[in-house]
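All of the numbers you see were taken from the coordinates with simple rules; none came from a lab. Everything numeric here is computed off the predicted structure, so don't read it as measured data. Virtual Cβ from ideal backbone geometry, glycine too; neighbours counted across all protein chains shown.
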Amino acid sequence: DSLWLIVPAAGQGKRMGADKPKQYLEIAEQSILTHTLQRLYAAFPQAQLVLCLDNDDQWFNPAWVPFPHWQRVTGGVERMGSVLNALQAMPAQAADVVMVHDVARPCVTPEDLRALYQAASEHPDGALLAMPVADTMKRASVDQLSVATVPRDGLWHALTPQGFRYALLREALEYAVDNGCIVTDEASAVEALGRTPLLVSGRRDNVKVTHPGDLALASAIMASQVA
Ligand code: CTP
Ligand code: MG
């Protein structure tokens with residue numbers, strides 16, 4: 001079976017508030033998109049890449065794609081639409097493994113990538129990188145008063161990549177769209193079918209670059225990983 005990688009990169013980076021989408025901001029003189037694709041390529045050079053990009057993207061440079069086998073698809077209004085466009089455009093077989101990884105997570109390591117691929121291949125309901133919640137969790141009222149403490153036992157942060165067999169992931173996202181559900185990751189859509197993806201404990205430094213301070217954080221993490 002083949003391995004496919006879907007990289008949703010059609011976001012606008014509104015919370016970052018930069019003059020261009022955050023995937024085109026630079027760390028060590030390379031775009032975040034370049035770093036992310038290079039990390040994926042180092043782990044899976046034979047994989048087929050599907051890159052979701054906005055139609056109005058003025059910054060993408062195809063020279064940044066290291067993969068010999070890749071295609072570009074149009075992004076959707078939401079992340080899930082971008083991923084579904086990729087699934088509908090790619091000529092995959094039902095049993096192929098598909099791993100979805102946010103372009104905004106450039107710090108993912110080869111060990112975590114390989115562990116997730118292994119789990120996604122073995123587990124029929126797929127798998128996702130995740131980490132147990134460390135902080136005490138509060139439930140807030142609308143006026144931001146702390147009204148309850150949510151027990152953190154059994155609570156995890158969902159990261160990417162998330163990997164599933166092609167047929168399952170496509171069924172799950174089409175089901176979500178048909179039912180008007182907006183899901184922020186693939187595992188949520190799979191759970192809505194009553195399936196139970198495996199949580200694979202991943203590194204805490206696999207951060208998603210989201211807010212302005214995260215650029216310096218990701219830069220420091222990447223420097224620490226090279227050393
Ligand atoms: N994404 C996408 N298509 C969209 C929205 C998001 O492909 N319509 C991608 C982003 O490019 C990113 C990932 O989904 O790789 C996670 O989304 P997020 O971190 O929310 O990125 P943005 O949507 O760009 O940021 P913001 O929500 O702050 O605008
Ligand atoms: Mg977003």
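Listed here are the residues, each with its yes/no results for (1) in contact (Cβ under 8 Å) with a residue 40 or more places away in the chain; (2) farther than 23 Å from residue 184 by Cβ; (3) part of a loop (DSSP other than H, G, I, E, B); (4) aliphatic (A, V, I, L, M).
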{"site": "52", "(1), (2), (3), (4)": "yes, no, no, no"}
{"site": "57", "(1), (2), (3), (4)": "yes, no, yes, no"}
{"site": "71", "(1), (2), (3), (4)": "no, yes, no, no"}
{"site": "76", "(1), (2), (3), (4)": "yes, no, yes, no"}
{"site": "81", "(1), (2), (3), (4)": "yes, no, no, no"}
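When you check residue 112 against the structure, is it surrounded by 21 or more Cβ atoms within 10 Å (Cβ to Cβ), assigned to a helix (DSSP H, G or I) and touching a Lys or Arg at 6+ places or on another chain (Cβ under 7 Å), yes or no?
When the stated conditions are applied, residue 112 passes them.
Could you list all residues from region 1-33 that are more than 16 Å from ligand 2 (Cβ to nearest atom), surrounded by fewer than 21 Cβ atoms within 10 Å (Cβ to Cβ) and more than 22 Å from residue 120 (Cβ to Cβ)?
Correct list: 19, 26, 27, 28, 29, 30.
If only one of 61, 85 is surrounded by fewer than 23 Cβ atoms within 10 Å (Cβ to Cβ), within 12 Å of ligand 1 (Cβ to nearest atom) and under 25 Å from residue 20 (Cβ atoms), which one is it? Walk me through how you get there before you give the answer.
Values: 61 fails: within 12 Å of ligand 1 (Cβ to nearest atom).
Of the residues listed, the single one that is surrounded by fewer than 23 Cβ atoms within 10 Å (Cβ to Cβ), within 12 Å of ligand 1 (Cβ to nearest atom) and under 25 Å from residue 20 (Cβ atoms) is 85.
Go through region 46-58 and give me each residue that's surrounded by 13 or more Cβ atoms within 10 Å (Cβ to Cβ) and either more than 16 Å from ligand 2 (Cβ to nearest atom) or acidic (Asp, Glu) (or both).
Residues of region 46-58 surrounded by 13 or more Cβ atoms within 10 Å (Cβ to Cβ): 47-54, 57.
Within region 46-58, 47, 48, 49, 50, 51, 54, 57 qualify.
Could you say whether any residue in region 42-50 is hydrophobic (A, V, I, L, M, F, W, C), part of a strand (DSSP E or B) and closer than 21 Å to residue 159 by Cβ?
Filtering region 42-50 down to residues hydrophobic (A, V, I, L, M, F, W, C) leaves 42-44, 47, 49-50.
Checking which are part of a strand (DSSP E or B) leaves us with 49-50.
From what is left, the residues that are closer than 21 Å to residue 159 by Cβ are 49-50.
Checking region 42-50: at least one residue is hydrophobic (A, V, I, L, M, F, W, C), part of a strand (DSSP E or B) and closer than 21 Å to residue 159 by Cβ.
So, residue 63, is that one without any contact (Cβ under 8 Å) to a residue 24 or more places away in the chain and small (Gly, Ala, Ser) or not? Talk me through it step by step, then tell me what you get.
On the way: without any contact (Cβ under 8 Å) to a residue 24 or more places away in the chain: yes; small (Gly, Ala, Ser): yes.
Here the answer is yes, as residue 63 does meet what is asked.
With (1) within 15 Å of ligand 1 (Cβ to nearest atom); (2) within 27 Å of residue 168 (Cβ to Cβ); (3) in contact with a strand residue (DSSP E or B) (Cβ under 9 Å, 6 or more places away or on another chain) as the list, and residue 41 as the residue in question, which single condition is left unmet?
The number of the failed condition is (1).
For region 7-33, how many residues meet the condition of being more than 14 Å from ligand 1 (Cβ to nearest atom) and either more than 22 Å from residue 213 (Cα to Cα) or not in a loop (DSSP other than H, G, I, E, B) (or both)?
3
Return the residues of region 103-132 that are touching a helix residue (DSSP H, G or I) at 6+ places or on another chain (Cβ under 8 Å) and of a type in the set (Asp, Glu); say none if nothing qualifies.
Across region 103-132, the qualifying residue is only 125.
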